[in-house]
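Report on the following structure.
Each reported figure results from applying straightforward, stated rules to the coordinates on display, with no laboratory input. What you see is a predicted model, and the numbers here were worked out from it, not measured in a lab. As a convention, Cβ positions derive from the backbone with ideal geometry for all residues, glycine included, and neighbour counts pool all protein chains shown.
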Amino acid sequence: MDNGRVILKSGLVVRGGVSAVADVVVRGSKIECVAENVEVGADDMVIDCSGKVVMSGLVDLHVHLREPGFSAKETVASGTAAAAHGGFSTVCSMPNLNPAPDTVEHLQQQLDIIERDAVVKVLPYATITRERYGRELVDFAALKHMVAGFSDDGSGVQSDDVMREAMREAVKNDAIIAAHCEVNDLLKGGYIHDGEYAAQHGHKGICSESEWGQIKRDIELAAEIGCRYHVCHISTKESVALIREAKKQGVKITCETGPHYLTMCDMDLQEEGRFKMNPPIRSAEDRDALIEGLKDGTIDVVATDHAPHTAEEKSRGLAGSAMGVVGLETSFAVIYTKLVREGVISLEQAVEVMSEAPRKIFNLGGGLSEGEAADIAVFDLNVEYDVNPDEFLSKGRSTPFEGWHLWGECSLTMVDGQIVWKK
């Protein structure tokens with residue numbers, strides 16, 4: 001195969017908002033061409049993609065791989081295997097680790113594991129502040145060439161002054177701040193949405209302002225400073241409205257939401273840890289506002305916030321379980337089944353928010369074009385199945401989508417021309 005090519009033959013190629021049947025030709029690690037009726041040579045490997053969809057590999061901007069420090073929950077090996085299974089060729093790993101990636105030395109520990117064990121591309125985030133404590137800034141200049149961006153994910157930066165200085169450093173170093181927005185003083189011990197389900201079942205609620213209040217502050221700072229600012233996992237209607245208006249005003253702001261926020265509301269909750277994550281699943285009104293934000297381009301990206309925990313940590317019900325659910329292996333199928341098949345968004349829009357937009361925002365390169373890295377996903381949209389967490393490659397099994405009937409299965413994932421998952 002050294003002299004041959006891999007030809008993904010006769011698939012429905014989705015790129016740049018357009019779909020057409022074509023062949024994708026891969027030579028070595030690169031895409032040689034995308035064309036119709038490519039002639040097959042004697043040394044070529046042909047993979048029949050007729051009846052399937054071919055797209056640039058999915059990109060997840062928000063994944064917890066848990067190494068170093070928490071390998072009982074997930075490892076780089078298991079997490080990236082799950083990513084490949086789900087059609088992802090690139091993931092950005094969050095900094096909730098031990099040690100936190102707040103210095104070159106600490107970050108290198110993570111990079112060494114990635115180099116050794118990852119089967120897809122992994123771009124880590126560095127923290128914004130030392131140990132994610134929200135006080136002392138990290139050395140942006142030293143870390144910027146090694147990371148996707150800077151995030152204290154899991155913790156909102158509480159100090160206005162610290163966030164202002166972080167944004168100034170981000171501008172100086174042409175870096176992105178990816179913010180987990182949460183006002184600690186407004187949490188009041190809550191652990192699900194402060195809505196109808198919490199009231200009916202006696203649970204402590206998390207108010208929506210705990211999220212949108214900090215987004216509002218950060219938008220004002222980003223407008224003042226000119227920072228590239230990305231908001232993680234938005235869940236409230238107020239967040240959508242604030243970001244929509246900020247974009248109209250020219251603020252350099254992008255944002256993501258997750259499949260569970262787009263397809264569920266708090267009245268879908270059950271008394272199980274697999275429904276507990278931060279931010280929480282909110283009201284039907286919030287869900288509908290998120291869908292409108294996705295449709296009108298306010299929301300740029302769908303990311304999973306894949307956050308695995310041990311079975312024991314997720315076995316203590318809504319009140320006692322750790323926050324976080326897995327999502328890499330169900331993400332595309334949930335979006336395809338619940339939004340594309342039901343006519344809410346098009347297939348081309350789904351590919352945009354799950355592959356093309358994250359590449360553009362974070363300057364990741366790739367895409368189905370001549371000369372680009374051969375990072376490719378192939379999906380069979382005619383396959384239907386019920387979600388069974390026992391079939392996941394992730395060590396995490398806790399998903400609110402357990403038992404859902406979905407359409408769309410990843411047939412093949414390719415990274416730099418190498419097949420890393422094949423059904």
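Tabulated values for the structure
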{"read-out": "Debye intensity ratio in log₁₀ form over the Cα atoms of region 204-362, taken at each q of 0.12, 0.13, 0.17 Å⁻¹", "value": "-0.52, -0.62, -1.03"}
{"read-out": "Residue (of 233, 20, 306) at the positive-pole extreme of the chain, dipole from beta-carbon charges", "value": "233"}
{"read-out": "Order of 330, 304 under a 10 Å beta carbon neighbour criterion, fewest first", "value": "330, 304"}
{"read-out": "Per-residue [θ]222 nm for the chain (sum of -39500 (n - 2.57) over DSSP H runs n ≥ 4, rounded to 500)", "value": "-7500 deg cm²/dmol"}
{"read-out": "Average silhouette area of region 7-74, convex hull of alpha-carbon atoms, in square nanometres", "value": "7.2"}
{"read-out": "Dipole of the chain [Lys/Arg +1, Asp/Glu -1 at C-beta], most positive-end residue of 111, 320, 378", "value": "111"}
{"read-out": "Alpha-carbon gyration tensor eigenvalues x 5, square-rooted, for region 343-423, Å", "value": "25, 17, 13"}
{"read-out": "Over 26 Å (Cα to Cα) - which of 216/395; 30/423; 248/360 fall in this group", "value": "216/395"}
{"read-out": "Sequence-distant aspartates and glutamates (8 or more away, or on other chains) whose Cα lies within less than 16 Å of residue 252", "value": "169, 174, 218, 220, 224, 300"}
{"read-out": "Of 363, 98, 184, the one that fluctuates the most in a GNM where the chain has Cα springs shorter than 10 Å", "value": "363"}
{"read-out": "Gyration tensor verdict on region 161-228 (Cα atoms; rounded if a/c is under 1.5, prolate if a/b is larger than b/c, oblate otherwise)", "value": "prolate"}
{"read-out": "GluC sites (Glu not before Pro) restricted to DSSP loop in region 251-298 with at most 16 other C-beta within 10 Å", "value": "271, 272"}
{"read-out": "Calculated on alpha-carbon atoms, Rg and Dmax of region 1-150 in Å", "value": "19.4, 62"}
